[in-house]
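The values are calculated or read from the model by the stated rules, or taken from the named source; none is laboratory data. The structure presented is a predicted model; accordingly, all values stated were derived computationally and were not measured. We place every Cβ from the backbone using ideal geometry, glycine too, and count neighbours over all the protein chains shown. All accessible areas refer to the heavy atoms of the entire protein, side chains included, with ligands and DNA or RNA removed. Shrake-Rupley method; radii C 1.70, N 1.55, O 1.52, S 1.80 Å.
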Amino acid sequence: MATSLQNLVPPFSCRRPSYTSPSIPIAIFRGGRRRNTRKTLRVCRAMVEKTVQGASSTFAKEMERLSAKESLLLAFKDAGGFEALVTGKTTDVQCIDVNERIISLEKLNPTPRPSTSPNLEGRWNFEWFGAGSPVLLFAKFLFGRIPPTLANLSKLDVLVKDGCGTATAQVKILNSIENKFIISTKYSVEGPLRMKEEYVEGAFESPKVNEEAVPEQLKGAFGQAFNTLQQLPVPIRDAVSSGMKIPLSGTFQRLILISYLDDEILIIRNTAGEPEVLTRLEAGPDPQNITEYES
């Protein structure tokens, strides 16, 4: 009897029935529906609050990351930039300040698998090196004892594409002769963060001379050198003009960890934990056309 009456009376009906005996089961039924409705409302409210809090947390974390990036770039500038680092003019306080900001940014790395991320491809400019970095050791070897007025390393960048790297050091001598030293490398993936870098070849490009910038006292010697070069046999002259290549396969390799990567900054560390920080110069190719590196 109770079942048949329940089917006749709507669950949330406000009418008071004229009978008494079935009122108890009906009241229990309506109360249960009310409890379920309140429970559903509480669940929905909790889901909305969680969504709002999650969005707020994501926004706050992104603002923290952008602030950390800006702080690191300002620390580079305060430390004297690339030239001060190469010539050894940075102080201990400046170095520790930069390293502290590097660590702060690494904690906010937005890329879970940087070793295979499309953001890794493109042209990057070196901003900072650790004391044992091969890049810094090479730069100090070439320019550590040469006055900047005679020769200086004006720029150092690397192009990462298709699992290979091309590092280019631009050298200016007497502010008039420009030369490039290029190192070709190959990358292989060994984990989500870890990669192996193998040096393949080094090359000295033929220098380019800006005759207008050559000092007056050196123009005579420069003219004699140019005439001597023109008198060399064709095979030798072509070899000099095309530059010099040095095979490096099997001579040097190293393991690196990519501790931070986004669309503007790349941070890697060597096996000693020393950081190298690079900023993007050119974007890489379309991510849809990128395949993972050799692993």
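General remarks:
- Residues in the range 87-119 that are farther than 23 Å from residue 74 by Cβ, part of a loop (DSSP other than H, G, I, E, B) and not polar (S, T, N, Q): 112, 113.
- Restricting the range 245-268 to residues that are outside any strand (DSSP E or B) and under 20 Å from residue 200 (Cα atoms), the residue that is least open to solvent (accessible area, probe 1.4 Å): 248
- Residue 57 over 26 Å from residue 194 (Cα atoms) and under 21 Å from the mean Cα position of the chain (by Cα): no
- Residues (in a strand (DSSP E or B) and either without any contact (Cβ under 8 Å) to a residue 40 or more places away in the chain or open to solvent by 30 Å² or more (accessible area, probe 1.4 Å) (or both)) located in the range 269-284: 269, 280, 281, 282, 283
- Test: residue in the range 241-253 that is modelled with pLDDT under 85 and among the hydrophobic types (A, V, I, L, M, F, W, C): yes
- Filtering the range 107-131 to residues that are under 18 Å from residue 64 (Cα atoms) and buried (at least 16 other Cβ atoms within 10 Å of the Cβ) leaves 108, 109, 111.
- Restricting 87, 58, 91 to those that are open to solvent by 80 Å² or more (accessible area, probe 1.4 Å) and of a type in the set (S, T, N, Q) reduces the list to 58.
- Matching residues, the range 160-181, being at pLDDT 85 or above and buried (at least 18 other Cβ atoms within 10 Å of the Cβ): 160, 163, 165, 167
- Among the residues of the range 184-199, those identified as part of a strand (DSSP E or B) and open to solvent by less than 30 Å² (accessible area, probe 1.4 Å) are 185, 187, 188, 189, 195, 197.
- Odd one out for residue 186, checked against (1) at pLDDT 80 or above; (2) among the charged types (D, E, K, R); (3) out of contact with any strand residue (DSSP E or B) (no Cβ under 9 Å at 6 or more places or on another chain): (3)
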